[in-house]
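The values are calculated or read from the model by the stated rules, or taken from the named source; none is laboratory data. This one's a predicted model, so the numbers in the text were calculated from it and none came from an experiment. Virtual Cβ from ideal backbone geometry, glycine too; neighbours counted across all protein chains shown.
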Amino acid sequence: MTDEAKVVGEKARVRESEVVGELEGSPTIPEGMEAEPADDLQARLLALETERDELLGNLQRVAADFDNYRKRAVRDQQALVARAHERLVKELLPVLDDLERALDAASKHEEATLEEGVQLVHREFASALSAEGLVEVDTAGRFDPHVHEALLSQPSEAEEGSVVQVIQKGYRLGDRVLRPARVVVAAPIAPPVQESGSGQAGPGDEGS
């Protein structure tokens, strides 16, 4: 083989090597440059992956914090509206009480015209409060300390611990008790006292 043929063959092998390197994704290293060690490449890759994970974690935390803030803001706003609503309705309860007392007084004095007018106002007012979620506390049955307030107990033939009289109505607004019902609770009737003696002298007890 001539020298020229050897040179051509060598060039062909070099070109073939470059093509194979390009196809396999391994670029040829220019002459005069040293290849970076595989360990260094792996370390750089791990560092980049770590940085990526940290940035992703920070982004997720920021997103979670914002979502929590948004939910908390909504809850705070709802609570503020509920408190304002509750305060308004609570301030109107004495008006409802006064109307009911006026109705009671009018019915006793048979003042039909006044009673009819007060009834109309009472119905409209009670209807407006009911539309806002006001519900009267149930007082039938046994005393419930969660919604009742016992002002006194009274001997009664009713079951002990049951409500026998309502002094003032109670009201709920949603799941909150605006005012407990003020009631009288049944107490057992005390047995009659047995007398030990009549305290009167009999015929034979008169002085001799």
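Scanning the range 100-150 for residues that are over 16 Å from A181 (Cα atoms) and small (G, A, S) returns A102, A105, A106, S107, A112, G117, A126, S127, A128, S130, A131, G133. Of the residues contained in the range 136-145, one or more are found to be β-branched (V, I, T) and under 18 Å from D97 (Cα atoms). Does L173 count as at pLDDT 80 or above, under 32 Å from the mean Cα position of the chain (by Cα) and either surrounded by 15 or more Cβ atoms within 10 Å (Cβ to Cβ) or farther than 27 Å from L92 by Cβ (or both)? Against the criterion (at pLDDT 80 or above, under 32 Å from the mean Cα position of the chain (by Cα) and either surrounded by 15 or more Cβ atoms within 10 Å (Cβ to Cβ) or farther than 27 Å from L92 by Cβ (or both)), L173 qualifies.
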